[in-house]
Amino acid sequence: MDRLSPLDAAFIEAEEEDRHTSMAIASIAVFEGPVPAYEEVVAVIGSHLPSVPRYRQKLRTVPWRLGPPVWVDDPDFDIHFHIRPTALPDPGGDPELAQLMSAVMAQRLDRDRPLWEYWMVTGLAGGHWALISKVHHCMVDGVSGTDLYRVMFDSPGSAPTPQQAVPGPGSLRLMARSAGEGLTLPLRAVQAATRLAVEPGRAWQQARSVARGAWAARTALAPAHRSSLSGPVGQQRHYTWVRLRLADVRAVRAELGGTINDVVLAAIAAGFRAMLLHRGEMPTPHMVPSLVPVSLRPPGGENVYDNEVSAMIVDLPVHVADPVEQLALIRRELSGLKDREEPRVGEALETLGRYVPYAAWAAFVRLGFRIPQREIVTVTTNVPGPRQTLYCLGRPLIEIIPYVPIASRVRVGVAIFSYRDDITFGITGDYTTTPDLQVLAHGIEEGLGSLLKAAAPAL
């Protein structure tokens with residue numbers, strides 16, 4: 001019986017507080033034909049479920065929040081509930097697939113069942129077919145979600161292996177166990193402090209890192225300048241994407257400097273600038289601060305399907321028109337944030353959550369969603385995917401299109417995912433307030449094109 005970590009539990013509490021929030025992450029995997037039978041897909045996914053036990057478990061909440069929710073086996077697990085067939089209307093192109101994705105992601109996952117779904121999509125143009133993977137963020141982060149592709153699709157399938165569910169604890173036992181562990185929190189805190197006391201050098205280094213990160217974050221937490229990009233959101237979503245070549249991103253990085261993440265953030269900044277200008281708004285500094293997740297997953301931790309992330313807040317320089325200057329500003333800011341160890345703040349908060357009563361932690365998280373935040377305008381998450389071709393039932397996986405959820409007052413989010421030689425920007429928007437997502441998508445494409453053109457004389 002595993003308990004949710006404080007970070008994993010935060011994604012559950014976010015949904016509890018905001019009825020319009022669905023904290024599921026997702027992607028679309030597009031395969032070449034021929035289109036397999038539905039039961040073949042069920043069989044191949046079912047054959048891999050023993051490698052991911054969490055896919056057969058559901059959440060149990062502890063009464064009165066005496067402890068975090070726990071994972072228990074679902075005695076009524078039905079794989080056919082989780083793998084659903086659907087078909088696109090003609091002509092089966094990107095607009096039809098985007099509309100389906102918007103509808104799928106607008107709905108929350110059923111809390112009474114394991115928190116994942118696959119949608120088998122047929123009717124794609126060119127004889128292709130797709131799988132929409134939808135998983136609650138409390139189960140995986142972007143990096144571990146990527147690893148699930150390797151687990152699910154890298155070998156031939158067979159019939160699902162029957163598994164016997166282990167009965168979960170009753171409510172009284174669950175309450176008693178959680179209450180007992182709550183009583184040990186002070187002891188565990190003392191033990192943790194003792195471990196640090198015997199290593200004063202390590203304790204000083206950790207405290208110094210957190211203090212430096214908190215100081216670096218102080219300006220980032222100032223309210224963003226007002227714009228139409230931030231405000232209340234509803235339940236429904238718009239969705240679109242941009243396909244670019246990873247080689248172009250690498251070429252810009254090689255000639256203009258920085259990292260791949262620097263280059264894609266510069267392209268996104270150009271896209272948001274285009275969106276603001278399209279809306280008749282003059283971009284200004286500190287108008288589009290972005291939450292940028294940072295993986296804390298250690299080497300060898302790829303098979304742990306939980307969240308191991310912190311975050312930085314990066315000011316996208318939408319007030320600058322020159323793409324090369326945008327890239328230079330992003331390089332400078334990201335380098336400074338990393339040097340000042342801003343991600344350590346989120347890591348420290350998550351650690352603190354392990355030593356306070358869960359009811360207090362849950363109240364803290366829900367308060368954060370109850371108070372309208374004005375510090376973060378968008379989220380931009382960049383996850384490197386497999387470079388080698390993956391397969392399902394012998395069909396090659398030809399592209400992966402990512403999806404990032406939005407919540408609170410964040411009306412637009414961008415997920416970046418690289419697979420083989422391509423890099424795809426999946427863009428999520430609130431349905432009512434962002435009907436112009438294509439302007440952002442085109443702006444990202446133009447932004448990278450401008451950077452590539454600027455780098456061309458040196459190529």
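The values are calculated or read from the model by the stated rules, or taken from the named source; none is laboratory data. All figures in this text were calculated on a predicted structure; none of them were measured in a lab. Cβ coordinates were reconstructed from backbone atoms using ideal geometry, including for glycine residues, and neighbour counts include every protein chain displayed. With ligands, DNA and RNA removed, areas are computed over all heavy atoms of the protein, side chains included. Shrake-Rupley method; radii C 1.70, N 1.55, O 1.52, S 1.80 Å.
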### Query
What pairs come up if the first residue lies in region 322-333 and is open to solvent by 70 Å² or more (accessible area, probe 1.4 Å), the second is of a type in the set (D, E, K, R) and part of a helix (DSSP H, G or I), and their beta carbons are under 7 Å apart, counting only those six or more places apart or on different chains?
ARG331/ASP262
### Query
So GLY92 fits all but one of (1) at pLDDT 95 or above; (2) in contact with a Phe, Trp or Tyr (Cβ under 9 Å, 6 or more places away or on another chain); (3) at positive phi; (4) not hydrophobic (A, V, I, L, M, F, W, C); what number is the exception?
(2)
### Message
Return the residues of region 1-38 that are open to solvent by 10 Å² or more (accessible area, probe 1.4 Å), out of contact with any Asp or Glu (no Cβ under 7 Å at 6 or more places or on another chain), under 22 Å from VAL62 (Cβ atoms) and part of a helix (DSSP H, G or I); say none if nothing qualifies.
### Response
ALA10, PHE11, GLU16, GLU17
### Task
Considering each of VAL377, VAL318, VAL314 in turn, give the residue that is touching an Asp or Glu at 6+ places or on another chain (Cβ under 8 Å), modelled with pLDDT of 90 or more and surrounded by 21 or more Cβ atoms within 10 Å (Cβ to Cβ).
VAL314
#### Entry: Failed criterion for SER47 (all others in (1) polar (S, T, N, Q); (2) over 30 Å from SER408 (Cα atoms); (3) crowded, with 16+ Cβ neighbours inside 10 Å; (4) without any contact (Cβ under 8 Å) to a residue 60 or more places away in the chain hold)
(4)
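Tell me, yes or no, whether region 276-287 has at least one residue that is loosely packed, with under 15 Cβ neighbours inside 10 Å, farther than 23 Å from VAL249 by Cβ and at pLDDT below 90. Show your work before the answer.
Taking region 276-287 first, the residues loosely packed, with under 15 Cβ neighbours inside 10 Å are 278-280, 282, 284-285.
In the following step, the residues that additionally are farther than 23 Å from VAL249 by Cβ were identified as 278-280, 282, 284-285.
With the extra rule that they be at pLDDT below 90, the set shrinks to none.
Among the residues of region 276-287, not one is loosely packed, with under 15 Cβ neighbours inside 10 Å, farther than 23 Å from VAL249 by Cβ and at pLDDT below 90, which makes the answer no.
Does ILE416 qualify as being at pLDDT 95 or above, more than 20 Å from LEU109 (Cβ to Cβ) and surrounded by fewer than 24 Cβ atoms within 10 Å (Cβ to Cβ)? Can you show your working first?
On the way: at pLDDT 95 or above: yes; more than 20 Å from LEU109 (Cβ to Cβ): yes; surrounded by fewer than 24 Cβ atoms within 10 Å (Cβ to Cβ): no.
No, not satisfied.
Looking at ARG387, ARG366, ARG409, ARG370, which is the one that is basic (Lys, Arg) and crowded, with 17+ Cβ neighbours inside 10 Å? Give the derivation first.
Working: ARG387 fails: crowded, with 17+ Cβ neighbours inside 10 Å; ARG366 fails: crowded, with 17+ Cβ neighbours inside 10 Å; ARG370 fails: crowded, with 17+ Cβ neighbours inside 10 Å.
It is ARG409.
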#### Entry: Flag for VAL41 being outside any strand (DSSP E or B), within 29 Å of SER418 (Cβ to Cβ) and either modelled with pLDDT of 90 or more or charged (D, E, K, R) (or both)
yes
### Message
Considering only residues that are surrounded by 14 or more Cβ atoms within 10 Å (Cβ to Cβ) and either free of Cβ contacts under 8 Å to residues at least 60 places away in the same chain or over 19 Å from LEU440 (Cβ atoms) (or both), which ones fall in region 222-247?
### Response
GLN235, LEU246
### Query
Which one is farthest from ASP248 (Cα to Cα), of the residues in region 438-456 that are under 22 Å from the mean Cα position of the chain (by Cα) and open to solvent by less than 10 Å² (accessible area, probe 1.4 Å)?
LEU440
### Enumeration of residues in region 400-433 that are out of contact with any Gly (no Cβ under 6 Å at 6 or more places or on another chain), within 14 Å of LEU291 (Cβ to Cβ) and assigned to a loop (DSSP other than H, G, I, E, B)
PRO405, ALA407, SER408, ARG411
## Note on the structure
Pairs returned, first residue in region 56-78 that is acidic (Asp, Glu), second residue that is in a loop (DSSP other than H, G, I, E, B), beta-carbon separation under 7 angstrom, 6 or more apart or interchain, are ASP73/ALA165; ASP73/VAL166; ASP73/GLY168; ASP74/ARG113; ASP74/PRO114; ASP74/ALA165
### Message
Out of everything in region 53-106 that is β-branched (Val, Ile, Thr) and open to solvent by less than 30 Å² (accessible area, probe 1.4 Å), what residue ends up being farthest from SER133 (Cα to Cα)?
### Response
VAL62
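Results for (1) part of a strand (DSSP E or B); (2) under 20 Å from the mean Cα position of the chain (by Cα), shown as yes or no for each residue.
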residue: THR86; (1), (2): yes, no
residue: PRO89; (1), (2): no, no
residue: GLU96; (1), (2): no, no
residue: MET105; (1), (2): no, yes
residue: LEU131; (1), (2): yes, yes
### Task
Check off (1) at pLDDT 95 or above; (2) surrounded by fewer than 18 Cβ atoms within 10 Å (Cβ to Cβ); (3) part of a loop (DSSP other than H, G, I, E, B) for GLU302 and give me the number that stays unchecked.
(1)
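Scanning for something open to solvent by 10 Å² or more (accessible area, probe 1.4 Å), part of a helix (DSSP H, G or I), touching a residue at least 60 places away in the same chain (Cβ under 8 Å) and aromatic (Phe, Trp, Tyr), does region 391-399 turn up at least one residue? Outline the logic, then answer.
First pass over region 391-399, keeping only residues open to solvent by 10 Å² or more (accessible area, probe 1.4 Å): 391, 393-396, 398-399.
From the residues that got through so far, the ones that are part of a helix (DSSP H, G or I) too are none.
Within region 391-399, not a single residue is open to solvent by 10 Å² or more (accessible area, probe 1.4 Å), part of a helix (DSSP H, G or I), touching a residue at least 60 places away in the same chain (Cβ under 8 Å) and aromatic (Phe, Trp, Tyr).
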### Task
Would you mention how many residues in region 243-270 are outside any helix (DSSP H, G or I) and touching a Ser or Thr at 6+ places or on another chain (Cβ under 7 Å)?
1
